[in-house]
1. Would you give the gap between the C-alpha center of the range 325-387 and the C-alpha center of the range 445-489, rounded to a whole Å?
2. Per 10 Å bin, what is the whole-percent P(r) computed from every C-alpha pair distance within the range 412-549?
3. Per residue, how large is the accessible surface of the chain? Use a 1.4 angstrom probe and give square angstrom.
4. To check my understanding: the extent here is largest minus smallest coordinate of the Cα atoms along each principal axis. What are those three numbers for the range 286-394, in Å, largest first?
5. Compute the Rg to Rh ratio over the chain from the alpha carbon atoms, using the Kirkwood formula for Rh, and round to two decimal places.
6. Going by average Cβ density within 10 Å per residue, which order do the peptides 202-214, 144-156, 112-124 take, highest to lowest?
7. Could you tell me what percent of the DSSP beta bridges with both partners in the chain are antiparallel, to the nearest 5?
8. So how strong a dipole does the chain carry about its Cα centre when Lys and Arg Cβ are +1 and Asp and Glu Cβ are -1, to the nearest 20 debye?
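The values are calculated or read from the model by the stated rules, or taken from the named source; none is laboratory data. All of these numbers come straight from a predicted model, not from anything done at the bench. Cβ sites come from the backbone with ideal geometry, for glycine too, and all protein chains shown count toward neighbours. Accessible surface is based on the protein model in full, side chains and every heavy atom, while ligands, DNA and RNA are left aside. Shrake-Rupley method; radii C 1.70, N 1.55, O 1.52, S 1.80 Å.
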Amino acid sequence: MSEIEREAMEYDVVIVGAGPAGLSAAIRLKQLDADLNVVVLEKGSEVGAHILSGAVLDPSGLDALIPDWKEKGAPLNTPVTEDKFYMLGEGGELRIPNFPMPPLMNNHGNYIVSMGNVCRWMAEQAEALGVEIFPGMACSELVFGDKGEVKGVVAGVFGLEPDGSIGEGTEPGMELHGKYVFLSEGVRGSLSKEVIAKYDLQAGKEPQKFGVGMKEIWEIDPAKHKEGSVTHTMGWPLNSNAGGGSFIYHLENNQVYVGFVVHLNYKNPHMFPYMEFQRFKHHPMVADLLKGGKRVAYGARAITEGGYQSMPKMVAPGVALLGCAVGMVNVPRIKGNHNAMLSGKAAAEAAFDAIQADRSGDELSAYEEDVRSGAIGADLKKVRNVKPMWSKWGLLPSLVLGGLDMWTNTLGFSLFGTLGHGKNDAEATEPADQHKPIDYPKPDGKLSFDRLTNVSFAMTNHEESQPCHLQLADENVPIGVNLPKYGEPAQRYCPAGVYEVVEEEGKDARFVVNFQNCVHCKTCDIKDPSQNITWVTPQGGDGPNYPNM
């Protein structure tokens, strides 16, 4: 669509994505200079509509950005009051004591929050400073300058024909140009992926690693509710089939966040992450908590897990990657929002200095230096070996050795150096005939639910006449390659039931893509063993509409 002539608007900084990183950048820019023209473009129907996170928030990022956030009414209302870790077996659990854990694992001073609501509040702060925020504006293309720099984005394209062509009702959108463009799209964003590939930003780094996180909100019996309680588990039901674990956070109003993360480097293509989550809720400890309660929301998203050694180069001419576009999650802490905020602040300060010096369209190297040598780098470097240890040696050895390594890193050294990750998550998938199928119990409709029923609680929606945003490089691969070799794992790794293999008597098998179900988790773009699926942004306003996830 680059041949279309569009109107253009000029800004100092164009920010793609109204998550914690993008909004922090916008706020900091206006704090530094109220006259800067700053715009934030958000593909969700409103700010927060696509935000899905645990979340126990470390407030250090917010402290640095808006020190008086309490006085300004930030929705951090539930301080953590107790912190428990369990190793689960199928019929019981073993509490892991807190005292041997490194100090960085302590949740004292953190808050159980809805990151969607935190982002909505941050958007209010940004708008009060004069930031322009446009929700429902998906950014579908990058705009390049004469020297190959990123100079803007195309946003607001609507009404394309199903084949992607221009029709009578097509709205071509517009170009938004900036002296700098910040990509804060979250995990595996389509523009970020393009920038990383075009400028070879992953060169010399370990491959990025991912997990898929699924989450339900439950309203439970008030007698069982413990506001401020935080529980994490490992072990059953995943055991040796995959890395991962669960979280259970008690927030306000008798509500509980129940979440489950599966690392996507699992080998067995019969693995069904969504059904592992549903099976987990039948553990006696969890079932007793949820019995008599009601699930009120569901969602899923990918999580960056590669950590310090997987962060790509963060800048290219005219553009900077922020937050989860880089991969700033501290895996053992299951926290990344504080680092996302700090990255937005650092990018804003680098851009401000550059604009003051009459620069534009170059690399904001000061931003990258700040991230790697500052608070973010220090946070991630201490835990850099936990994920590769888990992947190489399994749960129990990594629990011991990872704990030791975090302790020694807290003291300033490591016995292990920096371990690598090896294969990416797609390459980790092994042929189906090398593994046994996994038998999953049928959901009971009380504690566990089928995917399509749960997807209805994500309130996801896509205009059906638009082009499918889940693009197959080769339409023959799912049935011709993935089905015979891997049992077509797209049927199982997708937490929204987007992909089906339809086999009818007397007919060839068909691969069906139900893109209307998509919750924008990006798992398919990551885990497909043939790397045949590319997630691109659909038109603005489509996708999930999370309430207070």
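1. The range 325-387 and the range 445-489 have Cα centres spaced 34 Å from each other.
2. Percent of Cα pairs in each bin: 10, 33, 33, 17, 6, 1, 0.
3. With all protein chains present, the chain gives 39 Å² per residue.
4. 62, 37, 20 Å, listed from the longest principal axis down.
5. Rg divided by Rh gives 0.95.
6. 112-124, 202-214, 144-156
7. Percent antiparallel among DSSP bridges in the chain is about 70.
8. So the dipole magnitude of the chain works out to roughly 2340 debye.
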